[in-house]
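Asker: Structure incoming, see below.
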């Protein structure tokens, strides 16, 4: 290559470089839209493929589910929606999943911590309702329902394809009260699938702590049930410390999971079959007891034309419970036998009247004491006069005893009884009036701890008249006493000691050792009643103080000299009078007892003599 060719090639390369560097057009941008579209198409294609696969699987699952569960497969999908019904007394919240009761709020009550009183909630209460169908066992409480809010007091939970194929659970409240109506209607396809005419119902409630004293709450919580065939009201032991269960022997009208002041119950105007109940106190420290029941309900009884199946979520208040169904008021414990009648026909009506006088229940109890003491005043007067007669006759009785070597000799006792008969005095005259007052005393012992009217009512230092009052919490527990000092119990004990001392001054016939023993019982009260309702110990304290005041007042109107003169006149009148039938029976009983004691003594002496003779013969042979 010559010189000119070389220069020419170099210049061509320089021009080409300059051109490519400064004048060359930019390369066309990549076709991003096409790329994005392609990517999107691929993504959509993949997504569609997945959706189609999922839809296909869903269709296949639905098909299998429908084949397995039939009509009830409609309730296997959904979300849980909450809905409430309420009246002025109660608010109930339901969940659409299972048509279950999520929460029961009693509007007019609070817990001991002053929080809204939720009687049951999802955690504490579990209800199961199962039916047997041709496609297997169906748990109605595990199906999803659509919600139909009919009104503020009525709601329905529905699964349906149309009006002719429906399962409906409906709950309703009255304008007031604590009774919840329940209906279960099955029409068309679900009805056709039924294989059994009974619904298996199970209910477990872990009773929440609503009161201050857990120990007392446990001792007042149990399961009650009523069997109308034999008119038997049965209850599991309230004080059992281990699991307890029972099976009703005959059909049941209602089952109540009873707390201290409230209860949750299922009730029918027909009967429940195969009823079992369980009470378990050993659950958790913050659970009062676990109460469970299982029973069978005829499905026909659950419909619109059935047996009025209903629930009760409310207080153990006698008048309210009495209106629910016959014998339902027996959930309010008023004592056994005769004491129930005293509370029902005397104490409760009187208490209801006094409640209208004042809203202060401390004053109500004070008025109750005054009225009861006024009614019993004639008995109190008779008791005091009887003891006063015994007192003025005591010197003459001592003279009779002095005639005998042994003051307890039966002959001495008979002569004393004859003396009392002529004097027109009965040794029991001072005791009988007191015994007649005991029914009222013991009836109140059952009334106050169970009176919901006193629940959380305050008076003086007591913050709850239905529970113990505490002026000093020790921070530790003293065996047989407790962890607090109840002032009303202490005052009652002191007043009882004072009353015992005052009474012993009148009762001169009492042996010295018996007088000492009479002071032991009041001291026992301080241990026994320390954790009892403060309303009860307050009543007993006021009652004792009024009794002492009454006796001091009566004493002013009873003159010993006049009594002696009256007795002397009576003795003259009865000088030749035969003893009364009661006195005769008493004398005959004493005579029989004397003869029996004499025979026993002679028999012992005879046995002793025979043994002595036998031992002597043995000694002679030896």
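Asker: Looking only at the stretch 184-194, decide whether some residue is under 19 Å from residue 83 (Cβ atoms), surrounded by 18 or more Cβ atoms within 10 Å (Cβ to Cβ), in the same structural domain as residue 246 (by TED's automatic domain parsing) and under 32 Å from the mean Cα position of the chain (by Cα). I'd like the intermediate steps shown before the answer.
Answerer: If we filter the stretch 184-194 for residues that are under 19 Å from residue 83 (Cβ atoms), which is where we start, we get 184-185.
Next cut, surrounded by 18 or more Cβ atoms within 10 Å (Cβ to Cβ) only: 184-185.
Those still in the list that are in the same structural domain as residue 246 (by TED's automatic domain parsing) too: 184-185.
So of that shortlist, the ones also under 32 Å from the mean Cα position of the chain (by Cα) come out as 184.
Yes: one or more hits.
Asker: May I pose another question? Would you pick out the residues in the stretch 465-490 that are assigned to a loop (DSSP other than H, G, I, E, B), out of contact with any strand residue (DSSP E or B) (no Cβ under 7 Å at 6 or more places or on another chain) and either under 21 Å from residue 350 (Cα atoms) or free of Cβ contacts under 8 Å to residues at least 24 places away in the same chain (or both)?
Answerer: 466, 479
Asker: Would you confirm whether or not the stretch 263-272 contains a residue that is more than 30 Å from residue 195 (Cα to Cα) and crowded, with 16+ Cβ neighbours inside 10 Å? Quick ask: steps written out before the conclusion?
Answerer: Here is the first cut: in the stretch 263-272, the residues more than 30 Å from residue 195 (Cα to Cα) are 263-264.
From what is left, the residues that are crowded, with 16+ Cβ neighbours inside 10 Å are 263-264.
Yes, the conditions are met somewhere in the stretch 263-272.
Asker: With respect to the numbered conditions (1) without any contact (Cβ under 8 Å) to a residue 60 or more places away in the chain; (2) exposed (fewer than 15 other Cβ atoms within 10 Å of the Cβ); (3) under 30 Å from residue 321 (Cβ atoms), which one is the sole condition not fulfilled by residue 162?
Answerer: Looking at each condition in turn, residue 162 falls short on (3).
Asker: Let me ask something additional. Evaluate the following for residue 104: is it under 22 Å from residue 287 (Cβ atoms), in contact with a strand residue (DSSP E or B) (Cβ under 6 Å, 6 or more places away or on another chain), in contact (Cβ under 8 Å) with a residue 40 or more places away in the chain and surrounded by fewer than 15 Cβ atoms within 10 Å (Cβ to Cβ)? Write out each step before concluding.
Answerer: Numbers: under 22 Å from residue 287 (Cβ atoms): yes; in contact with a strand residue (DSSP E or B) (Cβ under 6 Å, 6 or more places away or on another chain): yes; in contact (Cβ under 8 Å) with a residue 40 or more places away in the chain: yes; surrounded by fewer than 15 Cβ atoms within 10 Å (Cβ to Cβ): no.
So residue 104 fails the test.
Asker: Please tell me if residue 364 is over 27 Å from residue 221 (Cα atoms), buried (at least 17 other Cβ atoms within 10 Å of the Cβ), touching a helix residue (DSSP H, G or I) at 6+ places or on another chain (Cβ under 7 Å) and free of Cβ contacts under 8 Å to residues at least 60 places away in the same chain. I'd like the intermediate steps shown before the answer.
Answerer: Working: over 27 Å from residue 221 (Cα atoms): yes; buried (at least 17 other Cβ atoms within 10 Å of the Cβ): yes; touching a helix residue (DSSP H, G or I) at 6+ places or on another chain (Cβ under 7 Å): yes; free of Cβ contacts under 8 Å to residues at least 60 places away in the same chain: yes.
It is true that residue 364 is over 27 Å from residue 221 (Cα atoms), buried (at least 17 other Cβ atoms within 10 Å of the Cβ), touching a helix residue (DSSP H, G or I) at 6+ places or on another chain (Cβ under 7 Å) and free of Cβ contacts under 8 Å to residues at least 60 places away in the same chain.
Asker: Return yes or no: is residue 374 in a helix (DSSP H, G or I), free of Cβ contacts under 8 Å to residues at least 12 places away in the same chain and over 28 Å from the mean Cα position of the chain (by Cα)?
Answerer: Values: in a helix (DSSP H, G or I): yes; free of Cβ contacts under 8 Å to residues at least 12 places away in the same chain: yes; over 28 Å from the mean Cα position of the chain (by Cα): yes.
The answer is yes for residue 374.
The values are calculated or read from the model by the stated rules, or taken from the named source; none is laboratory data. Since we're looking at a predicted model, the values are computed, not measured. Cβ atoms come from the backbone with ideal geometry, glycine included; neighbour counts cover every protein chain shown.
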